[in-house]
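**Q** Just dropping this structure here.
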Amino acid sequence: MSAVHNETVPKGALIAAASLVIMSIAVTGIVRLTGTPPDASPALLRAKEKPMAVSSRDLRFTDRADGAVVIEDVGTGAKAGMVEAGSKSGFIRGVMRGLARERRMHGVGNQPPFRLTLWTDGELSLVDTATGRNLELGAFGGTNRAAFLALLPPAAKNAAPDINGIKTAENAL
């Protein structure tokens, strides 16, 4: 035996839901067709406001057989850092894994450097010089931003503007 339930959705609720969906599609279409720029993009704001670079460093990330990632300063050949296998610096490893995948899709190896830049407005960006991909590291939170900030020379970290309550990498790691 089965019980039949005659529960219906009120007609007004259905009309309101359909109106919301149609309105969302219409607004999205208008924005796309008129070419309205995404003003909130940090890269576009940087191009508009033209802040200066506080510090910049070209880095190469190389995987070792034991699972560690060696970070080399391309300009000097010096070791800029290392992410040990199993360490708590998974954010750097995850970011670089995604960028390496994109490079493989473009047929690019690991020789071209990544440029890490701290700007006068406090933003920290990582640019893949091979593909042009730009990551705004502040978008991932203060602790993750600090992991990359630690790869800049000590003088640059001390000059870093206070962003989200984190001035340098040392107080976040």
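Readers should treat all values here as calculations from the given coordinates under stated rules, not as data from a laboratory. Keep in mind that this is a model prediction, so the values were computed, not measured. For neighbour counting, all protein chains shown are included, and Cβ atoms are generated from backbone atoms with ideal geometry for every residue, glycine included.
**Q** Of all GluC sites (Glu not before Pro) in the stretch 48-103, which ones are in loop regions per DSSP and have a Cβ with at most 15 other Cβ atoms within 10 Å?
**A** Details: sites: E49, E72, E84, E102; in loops: E84.
Listed in order of number, the matching sites are E84.
**Q** Through the Karplus equation 6.51 cos²θ - 1.76 cosθ + 1.60, θ set to phi - 60°, convert the phi angles of the stretch 47-52 into ³J(HN,Hα) values in whole Hz; use x for Gly and Pro.
**A** 5, 6, 8, 6, x, 8
**Q** Which cross-chain or sequence-distant (5 or more) residues have an amide H under 5 Å from the amide H of S55, H modelled 1.01 Å from N in plane?
**A** Distant-sequence amide H within range of S55: L118.
**Q** Assuming 0.36 nm per residue, please report the length gained on full extension of the stretch R60 to T129 beyond their Cα-Cα distance.
**A** Numbers: separation 69, 0.36 × 69 = 24.84 nm, distance 1.08 nm.
Additional length available on full extension: 23.8 nm.
**Q** Here's something else I'd like to know. Packing-wise, with mean Cβ within 10 Å as the measure, how do 116-125, 61-70 rank, highest first? Before the final figure, lay out the partial values.
**A** Details: 116-125: 20.2, 61-70: 13.6.
The densest-packed peptide leads the list: 116-125, 61-70.
**Q** Now for a different question. Tell me, what HN-Hα J-couplings in whole Hz come from the Karplus equation 6.51 cos²θ - 1.76 cosθ + 1.60 at θ = phi - 60° for each residue of the stretch 102-118, using x for Gly and Pro?
**A** Those phi angles translate into 5, 4, 4, 5, 8, x, 10, x, 9, 6, x, x, 9, 9, 9, 10, 9 Hz.
**Q** Something else: What are the principal axis extents of the Cα atoms in the stretch 21-147, in Å, biggest first?
**A** Here the spans come out as 54, 32, 29 Å, largest first.
**Q** Something else about it: Between T36 and T120, what is the FRET efficiency for a Förster distance of 22 Å, r being their Cβ-Cβ separation, to the nearest 0.05? Display every interim value, and only then the final one.
**A** Working: r = 28 Å, r/R0 = 1.27.
Here the calculated transfer efficiency is 0.20.
**Q** With a Förster radius of 22 Å, plug the Cβ-Cβ distance of R97 and T143 into 1/(1 + (r/R0)^6) and report the FRET value to the nearest 0.05.
**A** Working: r = 19 Å, r/R0 = 0.85.
Here the calculated transfer efficiency is 0.75.
**Q** With a cut-off of 8 Å between alpha carbons and a minimum separation of six or more residues, what is the relative contact order of the stretch 7-154 in percent?
**A** Numbers: 169 pairs, mean separation 29.1, N = 148.
For the stretch 7-154, the relative contact order is 20 percent.
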